[in-house]
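One structure is given below, encoded as structure tokens.
The values are calculated or read from the model by the stated rules, or taken from the named source; none is laboratory data. Quick caveat: nothing in here was measured; it's all calculated off a predicted structure. All Cβ positions, glycine included, derive from the backbone under ideal geometry; neighbour counts span all protein chains shown.
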């Protein structure tokens, strides 16, 4: 609910799109002129999701992680010595490597 109140793309968006990226990954995009939010959900086994292949993803944006379900606040327990199974590359357009099933929210805003 806090995201809904604080993220402009969730309050007003002129762009909304949902796509199945592959057989186990889904993405939802909401965007306006100043920012974009992308939710990526992976329900299957290890895989890399390259969002630059999705034409709806705005180009020329700086991307940052808003949250991931691998953050400690969302986990009931974690096996000892287990590290996060989500690796996010925001430098060359967004791409995400999932190890266990997880979800990620990214925010993209115009480069200054």
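Counting just the residues of segment 51-86 that are more than 23 Å from residue 13 (Cβ to Cβ) and surrounded by 14 or more Cβ atoms within 10 Å (Cβ to Cβ), which one comes out modelled with the lowest pLDDT? Only one residue tops the list, namely 84.
Among the conditions (1) part of a loop (DSSP other than H, G, I, E, B); (2) modelled with pLDDT of 75 or more, the only one that residue 39 does not satisfy is (1). Among residues that are in contact (Cβ under 8 Å) with a residue 12 or more places away in the chain, within 9 Å of residue 106 (Cβ to Cβ) and in contact with a helix residue (DSSP H, G or I) (Cβ under 9 Å, 6 or more places away or on another chain), residue 57 is not included.
Looking only at residues that are exposed (fewer than 12 other Cβ atoms within 10 Å of the Cβ) and touching a residue at least 12 places away in the same chain (Cβ under 8 Å) in segment 10-49, which one is farthest from residue 68 (Cα to Cα)? Looking at residues that are exposed (fewer than 12 other Cβ atoms within 10 Å of the Cβ) and touching a residue at least 12 places away in the same chain (Cβ under 8 Å), I get 14.
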